[in-house]
Amino acid sequence: MASRDRVRFNVGGQLFETTSTTLANAGRESMLGALLDESWNPGQPEYFIDRNPACFSTLLDLLRTGALHIPSNVPEKLLYREALYYGLLDHVRGAKWGPFDGNTLRLADSVPGRAPGDGTAIRAAPDGGCCVAHGSMVHVYNWMLEERRPISLDYQQVNDVGYIDANSIVITARERLGKGDGGMAVFSAATGELRHRFRVEHGRQPKSFTAGALSLACPDDHHIFSSCKGRLNEYGIGVWDHNTGQQVDFFYEHPGCSLGDADKLQWLPSKNCLMVATLFPRTDNCFIGLLDFRDKSIPWCWSDAGITVNLEDKRVLHAIAMEDGHSICVINQYDDLGFIDLRAGNTNSAGTGVRWSSRSKLMNQKVPYEESCYPKLATHNGQLFSCMNDSISVFSGSEHVLTSTLRRSYGGSICDFSIGGDRLFALHNEENVFDVWESPPCPII
Amino acid sequence: MNSQSQRRKNFKIEAFKHKVELDPKYAERTWKVLEHAIHEIYNNNASRLSFEELYRSAYNMVLHKYGDKLYTGLVATMTSHLNKIAKSIESAQGGLFLEKLNHKWADHNKALQMIRDILMYMDRSYVPTSHKTPVHELGLNLWRDHIIHSTNIQARLQDTLLDLIQRERTGDVINRGLMRNITKMLMDLGSSVYQDDFEKPFLDVSASFYSGESQQFIVCCDCGSYLKKAERRLNEEMERVSHYLDAKTEVKITSVVEREMIANHMQRLVHMDNSGLVNMLMDDKYDDLSRMYSLFKRVPEGLSTIRDVMTSYLRERGRVLVTDTERLKDPVEFVQCLLNEKDKHDKIISTAFNNDKTFQNALNSSFEYFINLNNRSPEFISLYLDDKLRKGLKGASEEEVEVVLDKVMMLFRYLQEKDVFEKYYKQHLAKRLLSGKTVSDDAERSMIVKLKTECGYQFTSKLEGMFTDMKTSEDTMLDFYAKQSAELGDGPTLAVQILTTGSWPTQPTAACNLPPEILTVCEKFRTYYLGTHSGRRLTWQTNMGTADIKATFGKGHKHELNVSTYQMCVLMLFNSADGLTYREIEQATEIPALDLKRCLQSLACVKGKNVLRKEPMSKDISEEDVFYFNDKFTSKFVKVKIGTVVAQKESEPEKQETRQRVEEDRKPQIEAAIVRIMKSRRVLDHNSIVAEVTKQLQLRFLPNPVVIKKRIESLIEREFLERDKADRKLYRYLA
């Protein structure tokens, strides 16, 4: 039995001996799986494969142990190419970095860009790739951080980007006056080709519009939300089905709550509502509301109108709904975190509902230098992340204790960051560079 | 060469090329190798092929941008093979057609798997970026287009499949494994292929088949055997699906059978002469009923059809039962009949109708309907209980007693006039208690508890009071004799039951003249009782008592006679006289005429118990009769019980009287309800009051709207309510 299980390979002249049990880890949908399948006269004394033996050795080791160790003499790109040949690329990706934890992140790579202006947004793909929006271009990187063909929506100013799945990117762009361009569209992440353009219809007439912030609903109902500004009445939040490509709903702006200019949209599955935040400096007063599309109502909203009189006051600069759906976390220009309780009814009255937690960090922090960026917030698996200047803070636990700080010496302040595919991507304002942070795989002992 | 020299002239510096373009001839050669391999795979000659070499060749073509050539070549090669395969399938004769198709399909799948192995790299990199169909799906699509949808195969395949199923339906054995493979193939090609090329025509053909068959069956079968056949067909179709069709087809084909065999013939089936639903119910055909239930349940309106027919049958049967004058003669048998009826149908519902709640409700509503058609039902149910509690339950175990009582309670629940029942029950209970005839105190109490649970404390408080009186009387008598025994000597023994006024159905009756011997003891008791309890009044209810007297007849025959108080009074007269006229007796005793007649009747006219002799001899008592002490009276028993001739059932005038009393009792209840409602609502219109009063009182009885109206008027007179000045239909509560 033992000898029948044994398999010998001659790869590029070098002999390898392994077992069919080890090779079974490659799966039937791989080159090695097919090679040993009974439809292809198996049982030969030795299989010849005309490929690089060093890479084969690394990949065989991966199949044996499940762990990836790349020898220094093997360039990573070469290994990826060989993994693609054998159909083992998914195995390599799965072994390269571990499950995401904000407190174990290590800088894995820094990728320089070539865009002329400031970065707009960076988004992580579900498979570990990412895309970066710069002005009117979106640069797309696969998980090996190889750049793919860039995409653009007629070279319009891009406002927001997002991944529908690992292979589809949705872009919102500004409309140029007098031209029917701008709006929102889906592109193939692999080829950069335009797949579908989303339309806004008002009174059955397709309208040209500027699409702003984006949000995807839970994966099972295929909805995309975007803030929209048309030139007539098309101010509000549009909803599309990304399977059919059709507009399914539109939430027109009520007086006193600007939806068309929203900075941040977020779907709250537990409340069946969309959170909309329109923030300084786009508007003078911050507005945060929950929209219920079923009856077109705003069951909850909050505004700081009337309490901020000068620029020195604490201003809400970014907002994110916490994962439990019970509260909204906000951040101000001093990097203070604040929480607004969503359960406490309507806190419309003069924005008193924020529980600010002043941080001692604020005291010894250097004065923000001129090229500072507005802070941003993110949540992932119960951890809360905020970026301020050139660092990202990680807060853990139900009390949101500051547990880690991610900082790097160059690239200037961070203008946006995103978490996905078990990676954190941080886009820096200067030098067009973005950093990739990963949690290393668990150590063996 | 030419282009190179031109470039040199332009002194253009060429960028260093990383990728060396593959020689187009090399690409052609590589494709030829792969094409040959595909041929060999289709010809089952793959053993000489080297997978590694082929995989590497395909890889090289994709890597060097010849993916397009590779893909179009693959499509062309596969298509030409499939066309050849189509020809060979077409040429298969008759029954071999399906076999051939199945065989070729298996080959194609195997080949497709191997081709996909070779082209795995193309599938992974070229196919997604150029939006092509992956190799496996491509192979299935080509098979669909060139084999299944080819003109010479499509119709033939469909006919063959349908023909085989038809043959199986008529009893042939077919190759189910082959059928399974072919339908599986259609499903693999996509659910739309399975549906369009097989399922839809299959359902159409099935519908017309079952439509025809059901027409045939309904003419020549009775309901029971029709249902058996329908059930068998339904099971066959489900079995067919499980053997060789897509599981999703089951719902569709069963709905076809259900529609054609059941839904379309439902009315005809339930009403079928001599075998329809009514006959099944009458004859307790549990199997047939159960089959009908489970089959009809599958179709819309099915169960309601059964239920409606059952309800109207039950109502009619019940109506006949409760209005049958023969039955009304014996209340016990009348109620027993109702109970049997209930048991029978309960059993049908539990065994055949799956204890369906809606059927139970239909049964209950039917009983409620017909029990209340006869206004004597409350009296009869109480009489039935009386019978059971007097003697019917003698020797029965506690559980058996409970079962009987529970069944009666079930009938009780159907009664609308529960207060009438209460009235009768009280009367009957009083008689049982006073005559000491109850079989078991436990059974009596258990019944009271049941009534209490059903109707509340108020309903039974007086009944419970009666039990308390019995107990207290016993204690009082013990005490009386303990204290007075010295004075009493050996006069007649007195047993007094002290009944609280109000708790018992007593009527004010003129007390009769008691014999002096008794009167003395009675007076002693009165003195004793009033001495221990102050502020009470004792009234003798001589109409309800009993007495044991010793009598000596001719030849020294001694007998102990068990008689009523009235009878005792009459008999005592004969201690001092041998013959008395009716008038004399009436004068001496002052017993009310009706009671006296009854009492004399039972003393003189009952054979074997005639301690008096009457002249003239006749069945009825007239005021001119003369009575004599019957010296010749004999009996084989020492103790002789002389019953009163009591109408078990109430006579017509008594019934009227009871009814009137019930109506009187209802008045304060209705008024109380009106006042309660108006107190909380303040203002209400007439119809709402009637509705609310009815709702409040329906647990006890169903008030008549006319009576409610009268009560409202009375309340207005007494200034509890007033009519609204603007709207005469509105009433206001006056605090």
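The values are calculated or read from the model by the stated rules, or taken from the named source; none is laboratory data. Since the model is a prediction, treat every value here as computed from it, not as a measurement. We place every Cβ from the backbone using ideal geometry, glycine too, and count neighbours over all the protein chains shown. For accessibility, only protein heavy atoms count, side chains too; no ligands or nucleic acids. Shrake-Rupley method; radii C 1.70, N 1.55, O 1.52, S 1.80 Å.
Just a few scattered comments:
- For the range A:394-418, the tally of residues that are free of Cβ contacts under 8 Å to residues at least 60 places away in the same chain and in a loop (DSSP other than H, G, I, E, B) stands at 7.
- Positions within the range A:82-129 being within 29 Å of residue B:120 (Cβ to Cβ), out of contact with any Ser or Thr (no Cβ under 8 Å at 6 or more places or on another chain) and without any contact (Cβ under 8 Å) to a residue 24 or more places away in the chain, in sequence order: A:89, A:90, A:94
- Total residues in the range A:180-202, condition open to solvent by less than 40 Å² (accessible area, probe 1.4 Å) and assigned to a loop (DSSP other than H, G, I, E, B): 6
- Helices (runs of 4 or more DSSP H) lying entirely in the range B:333-433 (those with 2 or more residues that are more than 18 Å from residue B:459 (Cβ to Cβ) and open to solvent by less than 20 Å² (accessible area, probe 1.4 Å)): B:357-371, B:377-387
- Qualifying residue in the range B:169-176 (condition: open to solvent by 50 Å² or more (accessible area, probe 1.4 Å), part of a helix (DSSP H, G or I), touching a Phe, Trp or Tyr at 6+ places or on another chain (Cβ under 6 Å) and more than 14 Å from every other protein chain (Cβ to nearest Cβ)): yes
- Whichever residue in the range B:45-86 is within 11 Å of chain A (Cβ to nearest Cβ) and of a type in the set (S, T, N, Q) and, among such residues, is surrounded by the most Cβ atoms within 10 Å (Cβ to Cβ): B:57
- Residue list for the range B:414-435, restricted to those being within 28 Å of the chain's Cα centre (by Cα) and farther than 14 Å from residue B:697 by Cα: B:414, B:421, B:422
- Residue in the range B:597-607 that is more than 29 Å from residue B:550 (Cα to Cα), among the basic types (Lys, Arg) and open to solvent by 60 Å² or more (accessible area, probe 1.4 Å) present: no
- Highlighted here are the helices (runs of 4 or more DSSP H) found entirely within the range B:522-620 that include at least 3 residues which are touching a Cys at 6+ places or on another chain (Cβ under 8 Å): B:565-573.
- Residue in the range B:652-659 that is over 19 Å from residue B:421 (Cα atoms), open to solvent by 40 Å² or more (accessible area, probe 1.4 Å) and free of Cβ contacts under 8 Å to residues at least 12 places away in the same chain present: no
- Residues (within 14 Å of chain B (Cβ to nearest Cβ) and either surrounded by fewer than 16 Cβ atoms within 10 Å (Cβ to Cβ) or hydroxyl-bearing (Ser, Thr, Tyr) (or both)) located in the range A:17-34: A:27, A:28, A:29, A:30
- For the range B:234-242, the criterion of being surrounded by fewer than 18 Cβ atoms within 10 Å (Cβ to Cβ), of a type in the set (Asp, Glu) and outside any helix (DSSP H, G or I) is met by no residue.
- Subset of the range A:241-272 [part of a strand (DSSP E or B) and within 21 Å of the chain's Cα centre (by Cα)]: A:241, A:264, A:265, A:266, A:267, A:268
- Residue selected from the range B:19-44 under the condition assigned to a helix (DSSP H, G or I) and free of Cβ contacts under 8 Å to residues at least 12 places away in the same chain, by the criterion nearest to the other protein chains (Cβ to nearest Cβ): B:40
- Beta carbons closer than 9 Å, at least 6 apart along the sequence or on distinct chains, pair a first residue in the range A:38-65 that is within 11 Å of chain B (Cβ to nearest Cβ) and under 13 Å from residue A:82 (Cα atoms) with a second that is among the small types (Gly, Ala, Ser) and outside any helix (DSSP H, G or I) for A:49/A:12; A:50/A:12; A:51/A:12.
- Neighbours by Cβ (under 6 Å, 6+ apart or cross-chain): first from the range A:321-339, closer than 19 Å to residue A:291 by Cβ; second of a type in the set (Gly, Ala, Ser) and modelled with pLDDT of 85 or more: A:325/A:270; A:328/A:319; A:328/A:321; A:330/A:319; A:330/A:338
Okay, residues lined up against (1) surrounded by fewer than 17 Cβ atoms within 10 Å (Cβ to Cβ); (2) hydroxyl-bearing (Ser, Thr, Tyr); (3) touching a residue at least 12 places away in the same chain (Cβ under 8 Å):
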| residue | (1), (2), (3) |
| --- | --- |
| A:131 | no, no, yes |
| A:143 | no, no, yes |
| A:146 | yes, no, yes |
| A:155 | yes, yes, yes |
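- Of residues in the range B:177-212 being of a type in the set (D, E, K, R) and surrounded by fewer than 18 Cβ atoms within 10 Å (Cβ to Cβ), the one nearest to residue B:244 (Cα to Cα): B:180
- Tabulated pairs, the range A:376-393, first in a loop (DSSP other than H, G, I, E, B), second surrounded by 22 or more Cβ atoms within 10 Å (Cβ to Cβ) and among the small types (Gly, Ala, Ser), C-beta under 7 angstrom, 6+ apart or interchain: none
- Yes/no for residue A:392 being among the β-branched types (Val, Ile, Thr) and open to solvent by less than 20 Å² (accessible area, probe 1.4 Å): yes
- Of all residues in the range B:95-125 being part of a helix (DSSP H, G or I) and out of contact with any helix residue (DSSP H, G or I) (no Cβ under 7 Å at 6 or more places or on another chain), the one that is farthest from the other protein chains (Cβ to nearest Cβ): B:96
- Single unsatisfied condition, residue A:205 versus (1) exposed (fewer than 13 other Cβ atoms within 10 Å of the Cβ); (2) within 14 Å of chain B (Cβ to nearest Cβ): (2)
- Within the range B:296-320, the set of residues being over 18 Å from the mean Cα position of the chain (by Cα) and open to solvent by less than 20 Å² (accessible area, probe 1.4 Å) comprises B:299 only.
- Answer from B:134, B:128 - the residue that is open to solvent by 10 Å² or more (accessible area, probe 1.4 Å), within 14 Å of chain A (Cβ to nearest Cβ) and touching an Asp or Glu at 6+ places or on another chain (Cβ under 6 Å): B:134
- Filtering the range A:91-121 to residues that are within 14 Å of chain B (Cβ to nearest Cβ) and exposed (fewer than 14 other Cβ atoms within 10 Å of the Cβ) leaves nothing.
- Qualifying positions in the range B:409-439 - out of contact with any strand residue (DSSP E or B) (no Cβ under 8 Å at 6 or more places or on another chain), under 22 Å from residue B:544 (Cβ atoms) and not hydrophobic (A, V, I, L, M, F, W, C): B:422, B:423, B:424, B:425, B:426, B:427, B:428, B:431, B:432, B:436, B:437, B:438
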